[in-house]
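Quick notes on the structure that follows.
The values are calculated or read from the model by the stated rules, or taken from the named source; none is laboratory data. All of these numbers come straight from a predicted model, not from anything done at the bench. Positions of Cβ are backbone-derived with ideal geometry, glycine not excepted, and every protein chain shown enters the neighbour counts. Heavy atoms of the whole protein, side chains included, go into the accessibility calculation; ligands, DNA and RNA do not. Shrake-Rupley method; radii C 1.70, N 1.55, O 1.52, S 1.80 Å.
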Amino acid sequence: MTATSKPAFSAEEIAAEGLKPEEYEEIVRRLGRHPNKAELGMFGVMWSEHCCYKNSRPLLKQFPTTGDRILVGPGENAGVVDLGDGLQLAFKIESHNHPSAVEPFQGAATGVGGILRDIFTMGARPIALLNSLRFGSLEDPKTQRLFQGVVAGISHYGNCVGVPTVGGEVYFDSAYSGNPLVNVMALGLMETAEIVKSGASGLGNPVLYVGSTTGRDGMGGASFASAELSSQSIDNRPAVQVGDPFLEKSLIEACLEAFKTGAVVAAQDMGAAGITCSTSEMAAKGGVGIELDLDKIPVRETGMVPYEYLLSESQERMLFVAHKGREQELIDIFHRWGLQAVVAGTVIAEPIVRILFQGEVAAEIPAEALAENTPLYHRELLTEPPEYARKAWEWTPDSLPDCPTVGIELQAGLQSWNDILLTLLDTPTIASKNWVYRQYDHQVQNNTVILPGGADAAVIRLRPLEQIPNLKSQIQNPKSGVAATVDCNPRYVYLDPYEGAKAVVAEAARNLSCVGAEPLAVTDNLNFGSPEKPIGYWQLAEACRGLAEACRELATPVTGGNVSLYNETLDSEGIPQPIYPTPVVGMVGLIPDISKICGQGWQASGDVIYLLGLPLASKISLGASEYLATIHGTVAGKPPRVNFDLERRVQKVCREGIRNGWVRSAHDSAEGGVAIAIAECCIAGNLGAEINLEIASTQSNRLDQVLFAEGGARILVSVASAQQEIWESYLKEHLGQEWQKLGTVGNFETGLGVFTTNNQTLIKVSIEDMSDRYSHAIARRLAIPTTTPS
């Protein structure tokens with residue numbers, strides 16, 4: 001049957017491909033005929049939100065995408081930044097949310113595999129992985145199963161493929177109970193003379209299929225990722241791909257070797273929408289067409305039809321355009337690595353994707369109709385914030401019980417500040433994630449400078465494995481490194497998407513500054529509910545506005561990313577329940593000298609502790625705080641407002657302090673406020689601290705605000721007493737009054753003591769008690785035997 005003789009489809013068949021009736025009418029208009037089954041499937045996946053960003057693309061245009069160090073911005077497989085001395089870094093973040101909800105192990109594992117392919121498709125060798133995860137309450141057995149499965153999947157793929165997982169974040173909240181988020185970020189160091197792009201060119205050039213075989217796994221995964229989850233989603237297990245990390249390791253080496261021959265014109269990995277996406281995107285970006293013969297494709301299953309070939313998302317596959325006459329050279333490389341490699345098509349002049357099967361045309365569609373000229377929805381923005389936000393903003397601390405120095409009266413009785421501190425340290429979102437990262441190989445490749453849990457950001461040594469053509473000298477700067485972080489406080493964004501999104505970028509930059517890195521650029525993963533609902537679109541639009549403003553203010557352009565919408569779970573009554581809006585920001589920063597960095601733990605007894613940013617006497621609300629949510633069960637108030645001028649100055653002072661050797665530890669104040677930050681520094685350094693609060697500063701503030709309020713561009717640092725004078729002189733010059741001396745580092749026996757200047761004790765707790773709550777919180781909930789961390 002040819003592409004022109006298929007009759008129209010029923011409304012049910014059209015909806016099954018994720019298409020709306022009006023979109024089907026547009027397909028018929030563009031083709032001048034009804035599509036056949038294979039073509040309908042191709043449009044279904046390519047016009048899904050996951051592939052074409054039809055609801056979010058207008059919003060993404062406001063992001064800053066250019067800068068002095070930006071070599072490749074949005075539109076390619078990954079962004080690339082210039083690190084100087086000929087070194088170039090590719091990086092990207094992607095989501096695998098829906099697959100992980102129905103098959104957590106393979107969903108997470110193939111998420112890792114997919115993001116790695118985005119990196120090495122550019123010609124870069126993957127050097128590090130990070131992940132940003134969200135789950136429901138850890139008390140829920142279903143959440144425990146998903147959580148353990150996802151961590152096992154990430155561990156399996158990353159460990160086997162030989163790329164270290166060096167950092168990340170994990171949040172637990174009932175908003176994610178039916179729809180976990182699995183966002184994976186990868187970094188790679190360019191190894192090729194030229195950055196490999198994806199636009200096909202050269203009429204008559206051969207199109208090569210390389211990598212693994214094609215099967216029926218992952219069928220329609222892109223459309224699956226663009227729909228709400230329901231109790232029937234388990235039936236979509238075929239839409240979850242199955243990965244092979246050992247094959248991917250061979251694919252990395254084969255691709256990099258192939259790129260270095262100069263025989264590859266363009267390359268595209270087969271991720272979402274598989275052959276359909278790779279052929280149409282390569283053709284559209286190059287302004288040419290591609291003719292592909294499905295009979296040439298290596299398969300692992302018999303009896304496959306064009307629809308299945310075109311929508312399969314079997315993993316570890318790539319599509320190349322090669323220079324004519326050099327195809328055998330490339331085929332030999334892939335065969336030597338034990339991989340498939342065949343000439344399956346040709347670059348043609350007509351800008352179409354023509355698919356052949358058994359000697360006939362199985363599909364024929366203009367490439368731009370699939371990849372570029374896709375539907376675009378400009379939705380109407382609410383004229384005022386929705387009712388849930390307005391109601392939440394009415395909250396004031398006046399509704400909370402009084403909080404004298406002895407503690408606070410709750411329903412369970414009087415809770416001392418010791419009790420509150422230990423409860424917060426035991427909260428899974430705040431607690432140590434050692435149960436997670438101890439399953440990851442974070443030292444493979446031997447370039448991980450700071451181990452997970454040791455600092456606010458990961459630090460990787462920049463050590464090229466191979467001779468890099470652009471590098472001025474292979475030992476130009478043997479001490480250079482790169483830092484990376486992933487961040488998002490979703491409660492902030494839920495309560496105020498605009499301010500919350502700004503805070504996400506500010507915290508990411510602050511985390512990089514805490515290890516001495518200069519923030520360079522951003523990749524983002526926008527995880528939201530349905531944009532078709534007014535509240536969902538308002539959250540998305542306002543968050544994008546906040547991200548754009550923050551990236552401009554902090555000079556961190558966006559190089560690309562991912563949009564994951566329709567993160568909703570249908571409840572028993574069929575009503576969609578959206579997740580918290582979660583715009584995750586992955587940020588990279590440059591470290592000129594990895595011998596001049598620091599972690600978050602105290603370094604020596606007698607060091608002086610300082611708070612950079614707003615002093616504790618400042619009036620900062622408890623709105624949106626972890627304390628308010630955990631201790632009082634209240635999600636309300638407004639998140640902290642970002643003061644970009646203060647952020648820039650505080651972060652620069654922190655970086656300069658580290659590079660000058662004054663600052664010996666640095667840790668930002670985030671979830672749980674200053675008290676939790678101090679406790680974390682004590683636990684990380686295995687040293688105590690004595691903190692003195694001026695009582696005058698607490699008279700106009702509630703004590704819980706002083707201890708647990710968040711925001712204020714705050715960073716906690718420790719400085720050797722011998723450097724105190726020069727450090728304080730530097731602070732006065734650059735921060736004015738926006739810093740505060742808090743106390744001194746003690747020894748292990750002293751534990752943490754927080755006192756007022758009139759000798760009243762607010763907190764007095766041992767390192768052992770804090771460490772036990774903090775280090776074992778997750779394992780305890782999973783009923784896993786614990787050991788004291790080494």
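Results, tabulated for the structure shown:
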quantity: Overall form of the stretch 332-404 per C-alpha gyration tensor (a/c, 1.5; a/b vs b/c); calculated: oblate
quantity: Largest to smallest principal axis extent of the C-alpha atoms in the stretch 249-379, angstrom; calculated: 48, 34, 30
quantity: Partners for K764 among aspartates and glutamates (Cα-Cα distance below 12 Å; same-chain residues under 8 apart left out); calculated: D419, E690, E749
quantity: Reach of K20 by Cα under 13 Å, taken over aspartates and glutamates that are not fewer than 8 positions away in the same chain; calculated: E12, E49, E532
quantity: Apportionment of accessible area to carbon and sulfur, the chain, percent (1.4 Å); calculated: 49
quantity: Backbone HN-Hα couplings from phi across the stretch 305-317 [Karplus 6.51/-1.76/1.60, Hz, Gly and Pro as x]; calculated: 10, x, 3, 6, 4, 6, 9, 4, 10, 3, 8, 6, 10
quantity: Calculated from backbone phi, Karplus (6.51, -1.76, 1.60) coupling profile of the stretch 122-134 in Hz, x at Gly/Pro; calculated: 7, x, 10, 8, x, 10, 6, 10, 9, 9, 10, 10, 9
quantity: Low-density loop positions, GluC sites (Glu not before Pro), the stretch 54-148 - DSSP coil, at most 14 other Cβ in 10 Å; calculated: E139
quantity: Residues with amide H under 5 Å from that of A521, placed H, sequence gap 5 or more; calculated: V588
quantity: Two-decimal Rg to Rh for the stretch 422-463 - Kirkwood Rh, Cα set; calculated: 1.08
quantity: Charge tally in the Cβ shell below 10 Å around S718, where Lys, Arg are +1 and Asp, Glu are -1, S718 excluded; calculated: 0
quantity: Rounded FRET efficiency, nearest 0.05, which uses the C-beta distance separating A617 from I726 and R0 of 30 Å; calculated: 0.75
quantity: Under 5 Å, built H, 5+ apart or other chain: amide partners of E409; calculated: Q415
quantity: Along each principal axis, Cα extent of the stretch 19-133, largest first, Å; calculated: 55, 37, 24
quantity: Full-stretch length increase - E25, E387 - with 0.36 nm per residue and alpha-carbon distance subtracted; calculated: 126.6 nm
quantity: Distance between the stretch 597-638 and the stretch 45-79 - C-alpha centres, whole angstrom; calculated: 35
quantity: Distance histogram for the stretch 241-292 (every C-alpha pair counted, 10 angstrom bins, percent rounded to whole numbers); calculated: 20, 42, 35, 3
quantity: Alpha carbon convex hull of the chain, volume per residue in cubic angstrom; calculated: 151
quantity: Other-chain or far-sequence residues with amide H under 5 Å of V449's (modelled H); calculated: V459, I460, R461
quantity: Cross-link reach list, lysines versus K479, counting only Cα pairs under 20 Å and skipping chain neighbours closer than eight places; calculated: K596
quantity: Relative contact order [Cα under 8 Å, 6+ residues apart], the chain, whole percent; calculated: 15
quantity: Förster radius 22 Å - calculated FRET efficiency between K479 and L451 (Cβ-Cβ, nearest 0.05); calculated: 0.70
quantity: CD proxy at 222 nm, helix term only [per DSSP H run n ≥ 4: -39500 (n - 2.57); per residue of the chain; nearest 500]; calculated: -10000 deg cm²/dmol
quantity: Whole-Hz couplings from phi, Karplus 6.51/-1.76/1.60, listed for the stretch 567-577; x for Gly and Pro; calculated: 7, 9, 10, 6, 6, 4, 9, x, 8, x, 10
quantity: Prolate/oblate/rounded call for the stretch 650-750, Cα gyration tensor, a/c under 1.5 rounded; calculated: oblate
quantity: Solvent exposure of the stretch 1-137 as accessible area per residue, Å², 1.4 Å probe; calculated: 31
quantity: Set K92/K249; K54/K652; K61/K638; K433/K619; K37/K142 screened for pairs whose C-alpha atoms are more than 29 Å apart; calculated: K54/K652; K433/K619; K37/K142
quantity: Accessible area of the stretch 514-577 divided out per residue, in Å², using a probe of 1.4 angstrom; calculated: 28
quantity: Candidate residues H734, H378: accessible-area rank, largest first, probe 1.4 Å; calculated: H378, H734
